[in-house]
Amino acid sequence: MAASALLAAASVASLNLCTDEYLLLLARPQEIASVSFLSQDPQESPLWKLARRHPSNRGSLEDILAQKPRIVLTMGGGGRATSLIANRMGIRAIDLRPASAIEDVASNFKAVASALGDPKRATLWLKRLARLRATAPIKARDAIWLGGAGQTIGVPSVGADWMRLAGLAQRPLKGDRISLETLLVRPPSVLVQSTYRHGEFSRGAQWLDHPIVQNARAKWLRADGRSWTCMGPLVIGEIERFRSELR
């Protein structure tokens, strides 16, 4: 397809790393006008190769005007103001829900697929999600999400809900952080370690290399932390993988 034809076909721009995920998973290449620069960063998104096929933006309407999108995807933050301005400029704005519950992910899939004019595009993803929810293990194993410097996820939270679909019960911890003492004296059955920016030199990364952490008496699962940043559609594949590794 000629470059001019591609430009004419491009219709949807995403201003947010989390909205990028839905657009990149559901849209045809020629329908994407722009995605955020974060999704093109290999350290931030597993979809960076797909994202780099498209123009990037830094999250503002000014960045996407040259692509002349008919639709713009936003999420939270300044989404309402962006939507008002976009509408005045003749651009349809769709403000997706931040994932505060797993159901929000299903709703966002439906909203983006409908905006693309083909609700059926969300069907496969919705089926995968529904299958996970319908077959969630009855019993859950004591587990702790482990990030840099011992940071973990709160309970209740959507992150804990996702883990429960894998058969893992996130242990509530004071300050959403696990101590070396806890790992030594009362380790969980399963440790889910996030690999987000693990190669970077930092105090948080050094903490993870401590002998008490490395020798913790637990089953280890490695989580692609990039997939968990938005707690959105990319977590579906993570939960499917966890289930396989826990068999």
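Can you name the residue in segment 1-57 that is at pLDDT below 95 and of a type in the set (Ser, Thr, Tyr) and is also surrounded by the fewest Cβ atoms within 10 Å (Cβ to Cβ) among such residues?
Ser4
Take Ser244 and decide whether it is surrounded by fewer than 18 Cβ atoms within 10 Å (Cβ to Cβ), outside any loop (DSSP other than H, G, I, E, B) and of a type in the set (Ser, Thr, Tyr).
So Ser244 passes the test.
Is at least one residue of segment 160-178 in contact with a Ser or Thr (Cβ under 8 Å, 6 or more places away or on another chain), within 28 Å of Ile212 (Cβ to Cβ) and of a type in the set (Val, Ile, Thr)?
The answer is yes; a qualifying residue exists.
Only residues that are among the polar types (S, T, N, Q) and open to solvent by 20 Å² or more (accessible area, probe 1.4 Å): list them for segment 104-145, please. Please lay out each step first, then the result.
Keep residues of segment 104-145 that are among the polar types (S, T, N, Q), which gives 107-108, 114, 123, 135.
Result: Ser107, Ser114, Thr123, Thr135.
Looking at segment 150-161 only, could you name the residues that are modelled with pLDDT of 95 or more and open to solvent by less than 40 Å² (accessible area, probe 1.4 Å)?
Thr152, Ile153, Gly154, Ser157, Val158, Gly159, Ala160
Can you tell me which residue in segment 78-103 is least open to solvent (accessible area, probe 1.4 Å), limited to those that are free of Cβ contacts under 8 Å to residues at least 24 places away in the same chain and under 19 Å from the mean Cα position of the chain (by Cα)?
Looking at residues that are free of Cβ contacts under 8 Å to residues at least 24 places away in the same chain and under 19 Å from the mean Cα position of the chain (by Cα), I get Gly79.
Among the numbered conditions (1) under 30 Å from Ala218 (Cα atoms); (2) at pLDDT 95 or above, tell me where Gly147 comes up short.
Gly147 satisfies all of (1) under 30 Å from Ala218 (Cα atoms); (2) at pLDDT 95 or above except (2).
The values are calculated or read from the model by the stated rules, or taken from the named source; none is laboratory data. Everything numeric here is computed off the predicted structure, so don't read it as measured data. Because the Cβ atoms are built from the backbone with ideal geometry, glycine has one as well, and the counts that use them run over all protein chains shown. Remember, those area values only see protein heavy atoms, side chains included, never the ligands or the DNA or RNA. Shrake-Rupley method; radii C 1.70, N 1.55, O 1.52, S 1.80 Å.
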